[in-house]
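Notes follow the structure.
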Amino acid sequence: MLAHFVQREIKERFLGTVSGGAWLLIGPLLTLAAYLFVFAEVMRVRLNADAGDSFVVFLALGLWPWFAFSESILRGTVSIRQNAALIGKIAIDRQMLVQASVLSAFLIHGIGFLLVLIVLAVSGFALSFAQLWWVLIGLAGLALTAYGLALLLAAAAVFLRDIESVLAQILMLFMLLTPIFFPPSQIPARFAWFVSLNPLAVWIGCIRGGLLERGLPTTSSLLWATALAVLALLIGRFVFRRAAPHFEDYL
């Protein structure tokens, strides 16, 4: 049943589009080309050790995981309200609706991320695929954190409609506070403590570190990020289960 809901999510995502699933290939290439033009040709960003061989590589390795994380939360938050008619007619585990939103977002952007890696490797950028387990650890950490937060927000959004309105702005602010567009070494010392507490910086660091073979997170930061991901999952499941019996009264 979960596989059915994931397939349904993906079909709805591309329903009515001219390109259909081909946009999974076209979109990442256009996005990467745009950043390459802006940052490499117009702004001429200098290379540095933290960014690997180029700023485009550094940015690409952080941007697509963030796309998957943010979209999974956005779509997971509205998954209960958008399936109000289904919830009232069929007895299902309602957590599956949130799970399907998170899995489909990571699947869609995961394909785009894979394409970006292939393009970067073919273009001659230095990438290492010898430590892919770090990439899997980073993606798993992001997905687990996103699922826990999506459960919490999906339950809250049934009762508090304002959440949907402000969530995109909050995620945008959080993206700017996460080392996606800048290396951690460029963060002023007085703000470094905040980044060290940001679990998303750890998971993105795993992805970048595994593919660039440098800058991997420390053991203590990994334990911290894992603890926060598990805590988000536990709190999200607890709140969702307590709120689920009352969904039909507010949908």
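The values are calculated or read from the model by the stated rules, or taken from the named source; none is laboratory data. None of these values were measured; they are calculated from a predicted model. Positions of Cβ are generated from backbone atoms using ideal geometry, with glycine treated the same way; all protein chains shown enter the neighbour counts. In case anyone asks, the SASA skips ligands and DNA or RNA and just uses the protein heavy atoms, side chains included. Shrake-Rupley method; radii C 1.70, N 1.55, O 1.52, S 1.80 Å.
Tabulated data
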read-out: Residue match in the range 183-198 (condition: in contact (Cβ under 8 Å) with a residue 24 or more places away in the chain, crowded, with 17+ Cβ neighbours inside 10 Å and within 17 Å of the chain's Cα centre (by Cα)); value: no
read-out: Test for Arg44: is it modelled with pLDDT of 65 or more, outside any helix (DSSP H, G or I) and open to solvent by 50 Å² or more (accessible area, probe 1.4 Å); value: yes
read-out: Top-ranked residue in the range 146-176 [being aromatic (Phe, Trp, Tyr) and in contact (Cβ under 8 Å) with a residue 60 or more places away in the chain; ranked as surrounded by the fewest Cβ atoms within 10 Å (Cβ to Cβ)]; value: Phe159
read-out: Residue match in the range 126-145 (condition: surrounded by 16 or more Cβ atoms within 10 Å (Cβ to Cβ), among the hydroxyl-bearing types (Ser, Thr, Tyr) and touching a Gly at 6+ places or on another chain (Cβ under 6 Å)); value: no
read-out: Odd one out for Leu216 among (1) open to solvent by less than 20 Å² (accessible area, probe 1.4 Å); (2) among the aliphatic types (A, V, I, L, M); (3) assigned to a loop (DSSP other than H, G, I, E, B); value: (1)
read-out: Cβ-Cβ under 6 Å pairs, at least 6 apart or on other chains, the range 99-125 side without any contact (Cβ under 8 Å) to a residue 40 or more places away in the chain, far side assigned to a loop (DSSP other than H, G, I, E, B) and of a type in the set (A, V, I, L, M, F, W, C); value: Ala121/Leu127
read-out: Leu127 vs. criteria within 25 Å of Gly76 (Cβ to Cβ) and of a type in the set (A, V, I, L, M, F, W, C); value: no
read-out: Odd one out for Leu251 among (1) touching a residue at least 12 places away in the same chain (Cβ under 8 Å); (2) under 28 Å from Ser128 (Cβ atoms); value: (2)
read-out: Flag for Ala227 being of a type in the set (Gly, Ala, Ser), part of a helix (DSSP H, G or I), surrounded by fewer than 16 Cβ atoms within 10 Å (Cβ to Cβ) and at pLDDT below 90; value: no
read-out: Residue check for Glu248: open to solvent by 70 Å² or more (accessible area, probe 1.4 Å), among the acidic types (Asp, Glu) and over 24 Å from Leu61 (Cα atoms); value: yes
read-out: Test: Val202 is assigned to a helix (DSSP H, G or I), within 20 Å of the chain's Cα centre (by Cα) and modelled with pLDDT under 90; value: no
read-out: Pair list, Cβ under 6 Å, 6 or more apart: the range 61-74 residue β-branched (Val, Ile, Thr), other residue part of a helix (DSSP H, G or I) and buried (at least 21 other Cβ atoms within 10 Å of the Cβ); value: Ile73/Ala146; Ile73/Leu149; Ile73/Ala150
read-out: Residue check, Ile118 open to solvent by 60 Å² or more (accessible area, probe 1.4 Å) and in a helix (DSSP H, G or I); value: yes
read-out: Residues (farther than 14 Å from Gly236 by Cβ and either touching an Asp or Glu at 6+ places or on another chain (Cβ under 9 Å) or open to solvent by less than 40 Å² (accessible area, probe 1.4 Å) (or both)) located in the range 87-98; value: Ile87, Gly88, Ile92
read-out: Members of the range 61-86 found to be in contact with a His (Cβ under 9 Å, 6 or more places away or on another chain), buried (at least 21 other Cβ atoms within 10 Å of the Cβ) and under 24 Å from Leu251 (Cα atoms), listed by number; value: Ser72
